[in-house]
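Here is the structure we will look at, set down as structure tokens.
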Amino acid sequence: MNYISDRIFRIWAYTVSHCFLILRSPQLFEDVEGYSNATDHNVDIEFWGVSYLDLPDIFRGVKIKELKQDVPRRLDKYLIYKGARIFELESEENLFYVVAGGCRVGKNNWVNEDRISNPGLEYREIIVNT
């Protein structure tokens, strides 16, 4: 799994009870500076089965890859969980990590909703799905 974006993402929602995390790059509307076809939609990066996260609250551009080797030692203990996968997020030359069961990146135009508040929502387009 590899995903690269130059958009700005924020921690949008996290729920400990459901182990679910959403990072969102919000859509821009026509009357906002920077609006274009590339910004007329939200991009959500969602992780499920989250058992560890080490993230800032905002990313100015992001590269995500799943690590299958060269895992930082501090994350070794999470590999004992069945289905645990290590995702490395790079932003502004810094590395951050999420240990989760999977990751999905999708486009949508939801204004006040996300898949934590309404799990039945479907993405307009799924960019990446692990």
Residues of the stretch 1-32 that turn out to be β-branched (Val, Ile, Thr), over 20 Å from Glu66 (Cα atoms) and surrounded by 18 or more Cβ atoms within 10 Å (Cβ to Cβ), as a count: 0
State which residue pairs qualify: first residue touching a residue at least 24 places away in the same chain (Cβ under 8 Å) and inside the stretch 106-118, second residue small (Gly, Ala, Ser) and in a strand (DSSP E or B) in any location, beta carbons under 7 Å apart, and separation of 6 or more residues or different chains. Asp114/Ala13; Ile116/Ala13
Return only the number of the condition from (1) closer than 19 Å to Ile11 by Cβ; (2) in contact with an Asp or Glu (Cβ under 7 Å, 6 or more places away or on another chain) that Lys65 does not satisfy. (1)
Condition met for Arg10 (under 10 Å from the mean Cα position of the chain (by Cα), of a type in the set (Lys, Arg) and either modelled with pLDDT of 95 or more or assigned to a strand (DSSP E or B) (or both)): yes
Which of the residues belonging to the stretch 33-60 are of a type outside the set (A, V, I, L, M, F, W, C), within 22 Å of Glu122 (Cβ to Cβ) and surrounded by fewer than 16 Cβ atoms within 10 Å (Cβ to Cβ)? Asn37, Asp40
Selection from the stretch 73-90 of residues part of a strand (DSSP E or B) and touching a Leu at 6+ places or on another chain (Cβ under 9 Å) yields Arg85, Ile86, Phe87, Glu88, Leu89
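The values are calculated or read from the model by the stated rules, or taken from the named source; none is laboratory data. Note that the structure is predicted; figures quoted are calculated from it, not measured. Here the Cβ is made from the backbone with ideal geometry for all residues, glycine too, and neighbour counts use every protein chain on show.
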